[in-house]
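Novice: Okay, here's the structure, questions in a sec.
The values are calculated or read from the model by the stated rules, or taken from the named source; none is laboratory data. Keep in mind that what you see is a predicted model, and the values were worked out from it rather than measured. All Cβ positions, glycine included, derive from the backbone under ideal geometry; neighbour counts span all protein chains shown.
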Amino acid sequence: MTAPALRGVTLILGGARSGKSRFAEELVEATGFDRLYVATAAAYDEEMAVRIAEHKARRAGWRTVEAQRGLAAVLRTESGPERAILVDCLTLWLSNLLLAGVEPAGEVEGLLEALRAARGPVVLVSNEVGFGIVPDNALARAFRDHQGRLNQRVAALADRVTLVAAGLPLDLKLPKEPQ
Amino acid sequence: MTAPALRGVTLILGGARSGKSRFAEELVEATGFDRLYVATAAAYDEEMAVRIAEHKARRAGWRTVEAQRGLAAVLRTESGPERAILVDCLTLWLSNLLLAGVEPAGEVEGLLEALRAARGPVVLVSNEVGFGIVPDNALARAFRDHQGRLNQRVAALADRVTLVAAGLPLDLKLPKEPQ
Amino acid sequence: MTAPALRGVTLILGGARSGKSRFAEELVEATGFDRLYVATAAAYDEEMAVRIAEHKARRAGWRTVEAQRGLAAVLRTESGPERAILVDCLTLWLSNLLLAGVEPAGEVEGLLEALRAARGPVVLVSNEVGFGIVPDNALARAFRDHQGRLNQRVAALADRVTLVAAGLPLDLKLPKEPQ
């Protein structure tokens with residue numbers, strides 16, 4: 001069996017409990033490359049701690065680095081050929097920035113720059129959060145706007161964008177044929 | 001006109017008022033089989049009573065059984081060749097379980113077992129609820145998690161999975177060619 | 001470069017900040033037709049005023065008419081060959097009706113009638129709002145129901161229906177080949 005062509009930047013979008021993380025993990029695992037998991041989750045509460053532990057238990061054979069905020073720096077340092085990086089997920093990263101009072105625009109530009117400069121495949125998981133009714137509170141509306149813009153920016157430079165629902169992939173953008 | 005090949009298990013996912021129930025009904029009606037509607041709705045309030053009545057008015061020529069919780073038992077009893085079963089919907093079934101204080105894991109396993117053993121086509125309608133902003137209250141978050149996991153489990157064993165938006169189908173998984 | 005075949009009625013569905021308006025604008029701009037932007041937004045508050053100004057700044061070379069409610073009349077008056085009309089968006093139009101205490105059923109019939117009678121291409125942008133958890137308040141649930149039904153009605157008569165996520169289109173319905 002030959003390794004599937006995981007190349008460049010891949011964005012995996014999905015809803016909550018859609019199977020998006022597992023799908024992204026399988027993409028990376030199919031490469032046979034060295035696997036790096038970049039965890040953006042911060043265990044603020046027990047609910048999140050349980051979720052982090054569940055995800056971690058699935059990832060034997062992966063190295064994990066935490067990047068609750070400094071995602072661009074991690075990508076610059078760690079990216080390389082024969083190494084596939086999974087960033088899980090952009091939604092928590094964005095949430096960490098906003099909770100810390102950081103205006104995300106500059107951080108987003110830094111991330112995009114690091115993705116353009118990546119020397120090996122990078123898979124990013126992100127939530128699609130805009131398909132519900134307008135949230136009551138302004139903070140949730142602002143988050144939804146930031147998340148939507150971030151997803152658009154990453155999707156525009158990505159080689160592949162896939163929406164996951166009920167564990168099943170729906171490709172929104174596919175890489176050009178390899179040269 | 002030959003009957004379309006509705007075979008095995010079909011999962012119809014969709015948002016609120018997406019036309020998912022009507023789409024599922026049309027799949028069953030196109031078979032020419034004996035039609036059984038398994039209603040999971042409980043008329044807790046007037047809003048729901050109105051909705052149930054609307055759905056019912058569309059279904060002349062169907063037999064209806066109510067299964068607010070015991071879905072696996074109904075499928076075991078009723079499933080048969082020349083009979084198409086429509087379960088509408090898994091979201092209300094899950095909601096009924098949680099409102100009754102039942103931990104859904106065991107019930108879900110029972111449902112999956114009954115689906116695997118079905119002797120005729122079964123179409124299940126379910127809501128995709130994970131594409132919005134994280135809900136404020138813990139119960140809604142827990143429901144969203146249970147619903148997402150349930151959809152993934154049913155999708156994994158289903159022969160066909162279709163997402164309905166604005167009344168239009170988008171196939172996520174299609175059955176293998178018939179033997 | 002030949003103008004793409006933007007014909008009849010096109011419905012662009014998407015979530016918040018999905019890039020749906022921009023995608024719709026690009027469809028119209030690719031025609032080379034006279035461009036009319038029908039703005040349904042009402043600047044109730046500063047948040048909305050900022051958003052309206054951002055959208056407007058993108059649309060050099062467009063004529064704009066406001067139609068916070070009387071959408072059918074605008075379409076009847078303005079539609080013509082060599083003119084492409086963009087209605088942005090049905091969600092705010094529906095919201096304006098409900099806030100004004102107007103039962104939308106009659107207005108929706110009027111809109112559908114005007115779309116059937118249109119003498120040139122019309123692109124309508126609308127939100128998909130039903131993929132989240134059931135909203136707590138009855139008004140939001142009612143809005144979600146109205147929006148879902150409206151999207152289904154417009155989709156049923158549209159020649160093309162496209163869902164936009166992260167700026168990327170996913171076609172749900174495509175026009176038949178031109179005669």
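Novice: Got a number for residues in segment B:132-179 being polar (S, T, N, Q) and more than 16 Å from the chain's Cα centre (by Cα)? First the steps, then the outcome.
Specialist: So in segment B:132-179, the residues polar (S, T, N, Q) come out as B:137, B:147, B:151-152, B:162, B:179.
Restricting the remaining residues to those that are more than 16 Å from the chain's Cα centre (by Cα) gives B:137, B:179.
Total meeting the criteria: 2.
Novice: If you scan segment C:16-34, which residues turn out to be of a type outside the set (Val, Ile, Thr) and either under 19 Å from residue C:90 (Cβ atoms) or within 14 Å of chain A (Cβ to nearest Cβ) (or both)?
Specialist: Our first condition is that a residue be of a type outside the set (Val, Ile, Thr); within segment C:16-34, this holds for C:16-27, C:29-30, C:32-34.
Hits for segment C:16-34 are C:16, C:17, C:18, C:19, C:20, C:21, C:22, C:23, C:24, C:25, C:26, C:27.
Novice: Answer with yes or no whether residue B:170 is without any contact (Cβ under 8 Å) to a residue 40 or more places away in the chain, within 13 Å of chain A (Cβ to nearest Cβ) and either in a strand (DSSP E or B) or surrounded by fewer than 17 Cβ atoms within 10 Å (Cβ to Cβ) (or both).
Specialist: yes
Novice: Quick one: is residue B:87 of a type in the set (Val, Ile, Thr), in contact (Cβ under 8 Å) with a residue 24 or more places away in the chain, within 22 Å of residue B:54 (Cβ to Cβ) and crowded, with 19+ Cβ neighbours inside 10 Å?
Specialist: Criteria met by residue B:87.
Novice: Let me ask you something else. Residues of segment A:152-167 being closer than 14 Å to residue B:173 by Cβ and part of a loop (DSSP other than H, G, I, E, B), which ones?
Specialist: Matches in segment A:152-167: A:166, A:167.
Novice: For residue B:24, state whether it is closer than 29 Å to residue C:163 by Cα and in contact (Cβ under 8 Å) with a residue 60 or more places away in the chain. Talk me through it step by step, then tell me what you get.
Specialist: Working: closer than 29 Å to residue C:163 by Cα: yes; in contact (Cβ under 8 Å) with a residue 60 or more places away in the chain: yes.
When the stated conditions are applied, residue B:24 passes them.
Novice: Test residue B:94 against the criterion of being of a type in the set (A, V, I, L, M) and within 15 Å of the chain's Cα centre (by Cα), and give yes or no.
Specialist: Taking the combined requirement at face value, the residue satisfies it.
Novice: So, in segment C:137-165, of the ones that are in contact (Cβ under 8 Å) with a residue 24 or more places away in the chain and of a type in the set (S, T, N, Q), which residue ends up nearest to residue B:16 (Cα to Cα)?
Specialist: C:147
Novice: Being hydrophobic (A, V, I, L, M, F, W, C) and on the phi > 0 side of the Ramachandran plot is the filter here, so list the residues in segment A:147-179 that pass it.
Specialist: Residue satisfying the conditions is A:166 alone.
Novice: A further question follows. Being buried (at least 18 other Cβ atoms within 10 Å of the Cβ) and either facing chain A (nearest Cβ under 9 Å) or of a type outside the set (Val, Ile, Thr) (or both) is the filter here, so list the residues in segment B:154-167 that pass it.
Specialist: Passing the criteria: B:154, B:155, B:158, B:160, B:161, B:163, B:165, B:166, B:167.
Novice: Quick check on my filter: what residues within segment A:16-60 are outside any loop (DSSP other than H, G, I, E, B), modelled with pLDDT under 85 and either over 20 Å from residue B:135 (Cα atoms) or of a type in the set (Asp, Glu) (or both)?
Specialist: A:46, A:47, A:53, A:54, A:55, A:56, A:57
Novice: Given (1) in contact with a strand residue (DSSP E or B) (Cβ under 9 Å, 6 or more places away or on another chain); (2) among the aromatic types (Phe, Trp, Tyr); (3) surrounded by fewer than 24 Cβ atoms within 10 Å (Cβ to Cβ), identify the lone condition not met by residue B:143.
Specialist: (1)
Novice: Another question, then. Among the residues of segment C:40-49, is there at least one that is closer than 21 Å to residue C:145 by Cα, crowded, with 17+ Cβ neighbours inside 10 Å and in contact with a helix residue (DSSP H, G or I) (Cβ under 7 Å, 6 or more places away or on another chain)?
Specialist: The answer is yes; a qualifying residue exists.
Let's see how each residue does on (1) basic (Lys, Arg); (2) in contact with a Phe, Trp or Tyr (Cβ under 7 Å, 6 or more places away or on another chain); (3) within 26 Å of residue B:155 (Cβ to Cβ):
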site	(1), (2), (3)
B:22	yes, no, yes
B:32	no, no, no
B:40	no, yes, yes
B:45	no, no, no
B:55	no, no, yes
B:76	yes, no, yes
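Novice: When you go through B:94, B:13, B:71 one by one, which is the residue that is under 30 Å from residue A:169 (Cα atoms), at pLDDT 95 or above, touching an Asp or Glu at 6+ places or on another chain (Cβ under 9 Å) and away from every other protein chain (no Cβ under 14 Å)?
Specialist: From the options B:94, B:13, B:71, the qualifying one is B:71.
Novice: Which residues, counting only those in segment B:86-131, are touching a strand residue (DSSP E or B) at 6+ places or on another chain (Cβ under 6 Å) and part of a loop (DSSP other than H, G, I, E, B)?
Specialist: B:89, B:120, B:121, B:128
Novice: While we're here: Counting only residues that are more than 8 Å from chain C (Cβ to nearest Cβ) and more than 15 Å from residue A:86 (Cα to Cα), how many does segment A:113-128 have?
Specialist: 3
Novice: Does segment B:133-144 contain any residue that is under 25 Å from residue B:30 (Cα atoms) and either at pLDDT below 95 or part of a loop (DSSP other than H, G, I, E, B) (or both)?
Specialist: No; the residues of segment B:133-144 include none that is under 25 Å from residue B:30 (Cα atoms) and either at pLDDT below 95 or part of a loop (DSSP other than H, G, I, E, B) (or both).
Novice: Still on this structure, please answer the following. Please go through segment B:129-153 and pick out each residue that is facing chain A (nearest Cβ under 10 Å) and touching a helix residue (DSSP H, G or I) at 6+ places or on another chain (Cβ under 7 Å).
Specialist: Listed by number, the residues that qualify are B:129, B:130, B:133, B:134, B:135, B:146, B:147, B:150, B:153.
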